[in-house]
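Worksheet for the structure shown next.
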Amino acid sequence: MASYLDSVPFSGIIRIRDMMYSVADPYRLDQGDVSFDAPDTVKAGMARAITDNHSHYVQTTGVPRLRELLAAKLRATNRIPIDDVEDVLVTNGGIHGLYILCLSLLDPGDEVLIPDPAWPPAAGNILAARGVPVGYRLHEAAGWQPDLDEVEAAITPKTRVLYLNSPSNPTGGVLTRACLERLAAIAERHDLWVISDEAYEDVVFEGEHVSIASLPGMYERTLPLYTFSKSYAMTGLRLGYVAIRDAAIRDRAKKILFYTASNVASVVQYGGIGALEGPQDCIETFRTELRGRRDLFYRGIKESAGDVFSGEPPAGAFYAFLRIDPAWSDGEAATASASWRMVEYLIEKGRIGCVPGVDFGPNGEGYVRFCFARDRRELTGALQSMKQLFGVRV
Ligand SMILES: Cc1ncc(COP(=O)(O)O)c(C=O)c1O
């Protein structure tokens with residue numbers, strides 16, 4: 001009996017999605033999905049694949065041309081010293097990549113350090129692999145960086161893996177090079193594997209994106225994880241990839257990949273080839289527009305709900321992770337979680353989808369996450385709705 005799965009939680013994002021179905025004309029700031037469409041290069045790649053009848057099984061690890069392009073991208077853009085295309089495995093989105101890595105690395109009871117707050121599937125995938133997630137706090141006052149002494153203090157003889165996510169969902173924090181160098185030293189000192197989730201590598205507004213696997217000697221112990229979802233607006237197409245240098249871990253990962261997917265949808269992989277072979281200007285276009293939406297949203301929050309929410313614009317990713325004024329009340333008797341109470345209020349009274357901070361970990365209690373990658377009309381509508389709810393004068 002797989003009864004251990006009974007204690008693996010579903011993300012609260014699912015509960016919110018269900019709540020949103022009962023709302024007419026909702027503002028879907030709950031979903032971490034961009035409003036852009038995939039570039040024409042992706043569509044053309046898929047259309048050609050359909051015409052050319054690429055509808056049969058393909059290699060489990062990915063179509064060779066795609067893996068070649070990915071290895072070149074990892075070398076040139078992420079500066080990861082990949083000698084062999086064999087290291088690259090194409091996955092069914094980043095979430096599948098993370099599941100594969102967890103199953104390939106963990107024995108039951110092994111501990112994995114994860115940020116608190118963190119993207120909920122980080123803990124979920126660790127638990128699904130019978131591992132134990134152990135949180136290390138991200139500190140708002142420090143631009144959502146971890147305190148490295150706290151990270152080190154959380155290590156026990158059972159700790160096997162350090163999971164990093166920069167830029168971060170939900171905080172938008174971007175780990176600095178100095179912080180990554182110190183985290184690398186901790187991983188080396190304690191002989192830890194590092195899973196580096198770089199789903200938002202292309203959504204950095206301030207500072208630089210550094211792949212920890214590019215630091216000297218770190219690719220040996222780092223399993224970097226990527227997705228086409230955010231960079232090329234391909235969330236529904238499900239295309240991600242990981243790089244694994246260690247042959248034994250890679251062989252395990254290939255087995256999980258094979259037994260869970262056989263191969264990632266062939267047509268989608270040709271879409272990925274189109275994305276990588278074509279011009280990359282869509283990435284800059286998306287980033288510039290997202291920066292504009294970030295600034296619009298934070299200006300609007302100040303005007304519409306500045307008494308209720310506070311927080312600095314994030315350096316990366318596309319989420320506003322805002323602190324709720326502890327004095328705020330919806331007038332009802334207080335239940336356990338302030339962030340759930342706020343989310344229910346915003347959904348029921350304002351038609352605004354959002355996610356309670358506590359869903360990302362105990363340290364997220366008292367916060368709410370809004371996605372500002374929705375189109376400007378939707379963002380403006382949500383801000384207008386907040387203005388009515390919170391009655392702040394402009
Ligand atoms: C931190 C983080 N990692 C990975 C992913 C994986 O995305 P996907 O499974 O769509 O590739 C997401 C998606 O929201 C994310 O927020």
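What follows is calculated from the coordinates using simple rules that are stated; it is not laboratory data. None of the values given here were measured: they were computed from a predicted structure. All Cβ positions, glycine included, derive from the backbone under ideal geometry; neighbour counts span all protein chains shown.
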Per residue of segment 212-223, in order, report the coupling 6.51 cos²θ - 1.76 cosθ + 1.60 (Karplus, θ = phi - 60°) as ³J(HN,Hα) in whole Hz, putting x for Gly and Pro.
4, 5, 8, 6, x, x, 8, 5, 4, 10, 10, 10
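Tell me the relative contact order for the chain as a rounded percent, counting alpha carbon contacts under 8 Å between residues six or more apart. Walk me through the numbers before you get to the answer.
Numbers: 774 pairs, mean separation 97.5, N = 394.
Relative contact order here is 25 percent.
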Quick one: compute a quarter of the convex hull surface over the Cα atoms of segment 143-290 and quote it in nm².
10.3 nm²
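Would you kindly state the longest site-free stretch of the chain, with sites defined as GluC sites (Glu not before Pro) in a DSSP loop (not H, G, I, E, B) surrounded by at most 16 other Cβ atoms within 10 Å? Kindly include the intermediate steps, with their values, before the conclusion.
Details: sites that count: 206, 208, 220, 332.
Looking at the chain, 1-205 is the longest stretch - no exposed GluC sites (Glu not before Pro) with at most 16 other Cβ atoms within 10 Å.
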Quotient of Cα Rg and 2.2 N^0.38 Å for segment 1-75, N being how many residues it contains:
1.74
What's the extension gain from residue 60 to residue 14 if we count 0.36 nm per residue and subtract their Cα-Cα distance?
13.6 nm
Phi-derived 3J(HN,Hα) across segment 261-274 with the Karplus relation (6.51, -1.76, 1.60, θ = phi - 60°), rounded Hz, x for Gly and Pro, is 9, 6, 7, 6, 2, 4, 4, 5, 4, 5, x, x, 4, x
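Counting DSSP beta bridges with both partners in the chain, what percentage is antiparallel, nearest 5? All intermediate terms of the calculation are to be shown ahead of the outcome.
Numbers: 19 of 38 bridges.
Antiparallel bridges: around 50 percent, rounded to the nearest 5.
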Hull volume in cubic angstrom per residue (convex hull over the Cα atoms of segment 250-326):
179 Å³
Scaled by the rule-of-thumb 2.2 N^0.38 Å, the alpha carbon Rg for segment 28-107 gives a ratio of 1.35
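State whether segment 112-174 is rounded, prolate or oblate according to the following rule on the C-alpha gyration tensor (a ≥ b ≥ c being the square roots of its eigenvalues): a/c under 1.5 gives rounded; otherwise a/b larger than b/c gives prolate, and the remaining case gives oblate.
Numbers: a/c = 2.71, a/b = 1.31, b/c = 2.07.
Since a/c reaches 1.5 but b/c is at least a/b, the shape of segment 112-174 is classed as oblate.
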By its C-alpha gyration tensor, with a ≥ b ≥ c as the square roots of the eigenvalues, how is segment 51-156 shaped: rounded for a/c under 1.5, else prolate for a/b larger than b/c, else oblate?
prolate
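Give me Rg over Rh for segment 283-394, both radii from the alpha carbons and Rh done the Kirkwood way, two decimal places.
Values: Rg = 13.7 Å, Rh = 14.3 Å.
Over the Cα atoms of segment 283-394, Rg/Rh equals 0.96.
Give me the extension gain from residue 75 to residue 178: residue separation times 0.36 nm, minus the current Cα-Cα distance, reported in nm with one decimal.
Values: separation 103, 0.36 × 103 = 37.08 nm, distance 2.13 nm.
The span from residue 75 to residue 178 would gain 35.0 nm if fully extended.
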Under 5 Å between amide hydrogens, which residues at least 5 positions from residue 138 or on another chain qualify, with H placed 1.01 Å from N in the peptide plane?
116
Could you work out how far the C-alpha centroid of segment 309-374 sits from that of segment 214-234, in angstrom?
29 Å
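Counting pairs of alpha carbon atoms under 8 Å apart in space and at least six apart in sequence, what relative contact order in percent does segment 158-241 give? Show your work: numbers first, answer last.
Values: 134 pairs, mean separation 24.1, N = 84.
Here the relative contact order equals 29 percent.
With a cut-off of at most 15 other beta carbons within 10 Å, and DSSP calling the residue loop, which chymotrypsin sites (Phe, Trp or Tyr not before Pro) in segment 292-323 qualify? Please list them.
none
Summing Lys, Arg as +1 and Asp, Glu as -1, what charge do residues with Cβ under 15 Å from the Cβ of residue 236 carry, residue 236 excluded?
Numbers: positive: 17, 28, 43, 230, 238; negative: 33, 37.
Here the charged neighbours net out to +3.
Restricting the count to DSSP beta bridges whose residues both fall in segment 42-191, what percent are antiparallel, rounded to a multiple of 5? Don't skip to the end; give the middle numbers.
On the way: 2 of 11 bridges.
The answer is about 20 percent antiparallel.
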Only Cα pairs under 8 Å and at least 6 apart count here; give the relative contact order of segment 291-350 as a rounded whole percent.
23 percent
Compute a Gaussian network model of the chain, connecting alpha carbons closer than 10 Å, and tell me which residue from 131, 331, 236 fluctuates the most.
331
Using a Gaussian network for the chain with springs between C-alpha atoms less than 10 Å apart, which of these wobbles most: 224, 133, 216?
216
Show that you can apply the helix-only estimate: for the chain, add -39,500 (n - 2.57) for every DSSP H stretch of four or more residues, divide by all residues, and state [θ] at 222 nm to the nearest 500.
-12500 deg cm²/dmol
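Which of the chymotrypsin sites (Phe, Trp or Tyr not before Pro) found in segment 4-53 are in a DSSP loop and have at most 10 neighbouring Cβ atoms, other than their own, within 10 Å?
Sites meeting the loop and neighbour criteria: 10.
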Which residue fluctuates the most in the chain, going by a Gaussian network model with Cα springs under 10 Å, if the choices are 367, 219, 57?
57
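Can you give the FRET efficiency for residue 220 and residue 262, using 1/(1 + (r/R0)^6), R0 = 30 Å, r = Cβ-Cβ distance, to the nearest 0.05?
Working: r = 30 Å, r/R0 = 0.99.
That pair, residue 220 with residue 262, gives E of 0.50.
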More than 29 Å apart: what percent of Cα pairs in the chain qualify?
43 percent
Would you grab the residues whose amide H sits under 5 Å from the one on residue 223? Only those 5+ places off in sequence or on another chain, please, with H modelled 1.01 Å from N.
194, 195, 196
